[in-house]
1. Return, ordered by residue number, the residues of the stretch 34-73 whose backbone nitrogen is under 15 Å from a label point located 7 Å along Cα→Cβ of residue 24.
2. Taking R0 as 35 Å, what FRET efficiency do you get between residue 212 and residue 1 from their Cβ-Cβ distance, rounded to the nearest 0.05?
3. As an exercise, use a Förster radius of 35 Å and the Cβ-Cβ distance of residue 37 and residue 351 to find the FRET efficiency, rounded to the nearest 0.05.
4. In degrees, nearest 10, range 0 to 90: what is the angle between the Cα axis of helix 2-12 and the longest Cα principal axis of the chain?
5. What's the extension gain from residue 164 to residue 120 if we count 0.36 nm per residue and subtract their Cα-Cα distance?
6. Given Cα pairs under 8 Å that are at least 6 residues apart, what percent is the relative contact order of the stretch 164-339?
7. Give me the distance between the Cα centres of the stretch 280-311 and the stretch 192-225, rounded to whole Å.
8. If one puts a single equal scatterer on every Cα of the stretch 189-234 and applies the Debye formula without solvent, what log₁₀ I(q)/I(0) results at q = 0.15, 0.20 Å⁻¹?
């Protein structure tokens with residue numbers, strides 16, 4: 001998602017942007033000026049139980065770089081994308097073609113795969129061999145050096161962003177009324193329902209809030225924990241007030257009718273879902289793990305709690321939701337904070353990095 005919005009914003013400024021991936025990104029759309037999409041076709045080989053995607057990806061990078069005249073490649077996640085890009089760069093060097101590689105770390109490549117000893121040498125190599133490396137939060141930068149002791153390159157922090165201009169800001173009152181017909185407060189959670197998201201904590205927080213004021217919970221997403229979530233709702237007898245919407249292409253429509261966003265993650269390198277909620281003027285009740293405190297400010301845009309502190313999170317939620325003026329104040333402050341991460345402020349940071357890497361590469365080539 002971040003790569004897609006970054007590419008589109010670069011294209012709008014006149015840069016020529018090529019997306020290389022196995023599937024067209026959801027937010028890329030069908031037609032955009034200066035944007036080109038190259039699909040990585042993965043064939044089935046009887047010899048291999050798992051198709052060699054990384055090799056096919058590297059070959060595609062070589063092909064696109066040669067025939068489209070790429071100046072650089074910006075990859076997201078250390079593996080398999082950075083490792084494939086390093087291989088592609090080495091192949092191109094044999095033909096006298098320079099292709100600088102910029103790698104952006106988003107979290108799971110460090111916080112999960114980085115802890116796996118079987119991946120560590122490849123991740124470290126891909127990072128160190130990149131011409132530049134960015135992390136989406138200061139927290140992730142610290143984690144990178146802590147998890148991967150042999151990383152030597154200087155990691156630069158360029159945070160995630162939101163595109164405020166492209167967000168529909170009108171609240172759909174009919175839709176809000178459909179989910180909260182009696183004027184109940186609407187709480188929301190958006191994730192992929194993996195264990196690390198601790199969505200069961202979201203249900204428990206909601207159950208406590210529900211005891212003190214009328215409310216509804218909208219769950220956007222799906223994943224391996226869904227059956228546990230459904231079972232917990234039945235145990236707590238909250239099913240009639242918990243609405244599971246499944247996966248949505250545009251979850252911001254849900255955010256615009258919400259009063260509060262719940263984020264109970266055990267690990268979160270940045271907290272992009274929280275930032276998008278704040279951009280929709282929705283305060284956030286979250287854990288204080290990873291990069292979330294860099295986005296959600298205690299007592300300003302919402303509240304932070306230690307992982308698993310369900311009662312405290314519920315009390316903080318009730319504090320915000322129980323007073324209209326207080327809620328409005330938190331809404332305004334959440335939006336003000338989100339404006340600090342608007343893409344117009346972050347895009348120049350990437351452009352500056354591109355120029356520095358290209359200037360350095362040209363100097364070395366000469």
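1. 34-41
2. Approximately 0.50, to the nearest 0.05.
3. Values: r = 22 Å, r/R0 = 0.62.
Using R0 = 35 Å, I get an efficiency of 0.95.
4. Helix 2-12 sits roughly 70 degrees off the main axis of the chain.
5. On the way: separation 44, 0.36 × 44 = 15.84 nm, distance 3.72 nm.
My answer for the length gained is 12.1 nm.
6. 22 percent
7. 15 Å
8. -0.35, -0.61
Every number in this text was worked out from the coordinates using simple rules, so none of it is lab data. This one's a predicted model, so the numbers in the text were calculated from it and none came from an experiment. Every residue, glycine as well, gets a Cβ built from its backbone with ideal geometry; the counts of neighbours run over all protein chains shown.
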